[in-house]
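Below is one structure; the comments refer to it alone.
The values are calculated or read from the model by the stated rules, or taken from the named source; none is laboratory data. Note that the structure is predicted; figures quoted are calculated from it, not measured. Every residue, glycine as well, gets a Cβ built from its backbone with ideal geometry; the counts of neighbours run over all protein chains shown. To get the accessible areas, we keep the full protein, side chains included, count just its heavy atoms, and leave off ligands, DNA and RNA. Shrake-Rupley method; radii C 1.70, N 1.55, O 1.52, S 1.80 Å.
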Amino acid sequence: MAKILVTGGAGYIGSHTCLELLNTGHEVVVFDNLCNSSKIALERVQALAQKPLNFIQGDIRDMQALDQVFHDYKIDAVIHFAGLKAVGESQKIPLAYFDNNIAGSLCLVQAMERAEVFQLVFSSSATVYGELNQAPYHEEMPLGMPTNNYGYTKMVVEQLLEKTALANPAWSIALLRYFNPVGAHKSGEIGEDPQGIPNNLMPFVTQVAVGRRSKLAIFGQDYPTLDGTCERDFIHVVDLAKAHVLALENRLNHTGCRAWNIGTGKPISVLAIKNTFERVNGIEIPFEFAPRRTGDLASFYADSTRAYQELNWKAEYSLEDMLADSWNWQRKNPNGFNP
Ligand code: NAD
Ligand code: UD1
């Protein structure tokens, strides 16, 4: 069992991963500046796991704070979630994204090298496949130029990690390319808690369901897909969290840099999300069709064969589970982690 530093561990995917790590017997040290999360999530993780974790409030751009963590705890490996993730915001304030996501990752990797900790799992995104590749995406495809600055930061960090691992064979790095994470832990105690108006589909749907928003706007109905709305590969956040534990355990026994897609491989349309949410949860979602959103691709979904073959990972939760669990979290926590 290993001692894992989890940057951004208080966030949506990080909190679910901390719970899986504790449940599989690992020790967890969370490092998070709480700019987009709440300490309450970590209290709930500890209550669910019935095990403690260590929490340090800090910023990954703060070299001294990072050195201190590696000095104070005997860290075996790092899972790196910390960063900013709002696509629209990344177009307005790109420097904040370059600073947090690129410079922050660089600070972390340098601190790891100083501490001689060489095992790293990095949160990447399917967005690195860019516009030109055709779904299903597989890891051998050349990276494309992402359509936005957020995606660009993921591509840059992937590349700098690959080059770092090439230069020094001590490194062992996993690049996990997530598709569209949704859902929440079955307990409804932890889940996604976006600040302000949600950009992403699922939190928007659940906020309409709970009465915080009046109706869903479906962006575009004339895409070349079966029902004319965009198709995405939605993945339950607990399946995603489990992929991190498996990738981490793989990295403890391998060197080099390796990418894995983490998705179900099934394209689901935006309209199907709305309709299935209504059927599964018995709640009507008022909606209207709206113009296409700039930068959206018609259809993207994963080929996750490599994750199955090499990590023994595959998605276990169904679409119905994702929609029921998203709603269970929102219903129990109408204002997220805010009282
Ligand atoms: P999140 O915002 O819930 O979690 C990110 C966490 O990082 C937050 O707790 C935040 O407070 C912390 N953080 C941000 N900047 C920091 C900094 N400079 N120093 C320390 N902590 C900092 O987001 P999430 O959905 O859990 O995403 C986690 C990771 O996965 C991110 O890197 C994101 O880009 C990536 N990702 C997310 C999605 C998605 O749809 N949610 C898809 C692909 C990739
Ligand atoms: C977006 C980002 C992607 C990022 C991911 C996770 C873009 C182009 N891509 O993916 O880089 O990794 O979020 O943060 O922004 N939709 C609606 N109405 C809404 C919200 C969304 O119809 O109110 C539609 C969108 O048009 C899209 C689908 O739902 O077709 C999914 O959208 P979203 O949840 O934002 O994820 P992506 O766009 O796939």
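Considering the range 1-14, and only residues there that are out of contact with any Lys or Arg (no Cβ under 7 Å at 6 or more places or on another chain) and away from ligand 2 (no atom under 16 Å from the Cβ), the residue that is nearest to S105 (Cα to Cα) turns out to be T7. The set of residues in the range 241-280 that are open to solvent by 30 Å² or more (accessible area, probe 1.4 Å) and among the polar types (S, T, N, Q) comprises N253, T255, T264, N275. Can you say whether D325 is in contact with a Lys or Arg (Cβ under 7 Å, 6 or more places away or on another chain), crowded, with 20+ Cβ neighbours inside 10 Å and more than 26 Å from T147 (Cα to Cα), as far as the supplied structure shows? Considered against the rule, which asks whether it is in contact with a Lys or Arg (Cβ under 7 Å, 6 or more places away or on another chain), crowded, with 20+ Cβ neighbours inside 10 Å and more than 26 Å from T147 (Cα to Cα), D325 comes out as yes. Restricting L95, L42 to those that are touching a strand residue (DSSP E or B) at 6+ places or on another chain (Cβ under 7 Å), part of a helix (DSSP H, G or I) and within 15 Å of ligand 1 (Cβ to nearest atom) reduces the list to L42.
Residues in the range 50-66 include at least one that is more than 8 Å from ligand 1 (Cβ to nearest atom), open to solvent by less than 30 Å² (accessible area, probe 1.4 Å) and within 21 Å of the chain's Cα centre (by Cα). Within the range 182-203, does at least one residue satisfy the condition of being in a loop (DSSP other than H, G, I, E, B), over 23 Å from P291 (Cα atoms), modelled with pLDDT of 95 or more and in contact with a Pro (Cβ under 6 Å, 6 or more places away or on another chain)? There is at least one residue in the range 182-203 that is in a loop (DSSP other than H, G, I, E, B), over 23 Å from P291 (Cα atoms), modelled with pLDDT of 95 or more and in contact with a Pro (Cβ under 6 Å, 6 or more places away or on another chain). Is the range 256-276 home to any residue that is away from ligand 2 (no atom under 14 Å from the Cβ) and assigned to a helix (DSSP H, G or I)? No, the conditions are met nowhere in the range 256-276.
If the condition is being more than 13 Å from the chain's Cα centre (by Cα) and open to solvent by 30 Å² or more (accessible area, probe 1.4 Å), then the range 195-215 contributes Q195, G196, I197, N199, L201, F204, V210, G211, R212, R213, S214, K215. Among the residues of the range 292-301, are any touching a residue at least 40 places away in the same chain (Cβ under 8 Å) and surrounded by 21 or more Cβ atoms within 10 Å (Cβ to Cβ)? Yes, that holds for at least one residue. Counting the residues of the range 71-88 that are touching a helix residue (DSSP H, G or I) at 6+ places or on another chain (Cβ under 8 Å), assigned to a helix (DSSP H, G or I) and open to solvent by 80 Å² or more (accessible area, probe 1.4 Å) gives 1. Does the range 23-39 include one or more residues that are surrounded by 24 or more Cβ atoms within 10 Å (Cβ to Cβ), in a helix (DSSP H, G or I), in contact (Cβ under 8 Å) with a residue 24 or more places away in the chain and over 13 Å from the mean Cα position of the chain (by Cα)? No: zero hits. There is no residue in the range 243-265 that is among the basic types (K, R) and out of contact with any Lys or Arg (no Cβ under 9 Å at 6 or more places or on another chain).
Okay, residues lined up against (1) in contact with a Leu (Cβ under 8 Å, 6 or more places away or on another chain); (2) more than 24 Å from L84 (Cβ to Cβ); (3) more than 16 Å from ligand 2 (Cβ to nearest atom):
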residue	(1), (2), (3)
T24	no, yes, yes
I40	no, no, yes
A49	yes, yes, yes
Q64	no, no, yes
Q68	no, no, yes
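Considering the range 111-160, the residues that are in a helix (DSSP H, G or I) and surrounded by fewer than 18 Cβ atoms within 10 Å (Cβ to Cβ) include one that is nearest to ligand 2 (Cβ to nearest atom), namely V156. Tell me, yes or no, whether the range 236-253 has at least one residue that is part of a loop (DSSP other than H, G, I, E, B) and in contact with an Asp or Glu (Cβ under 9 Å, 6 or more places away or on another chain). Checked the range 236-253: at least one residue is part of a loop (DSSP other than H, G, I, E, B) and in contact with an Asp or Glu (Cβ under 9 Å, 6 or more places away or on another chain).
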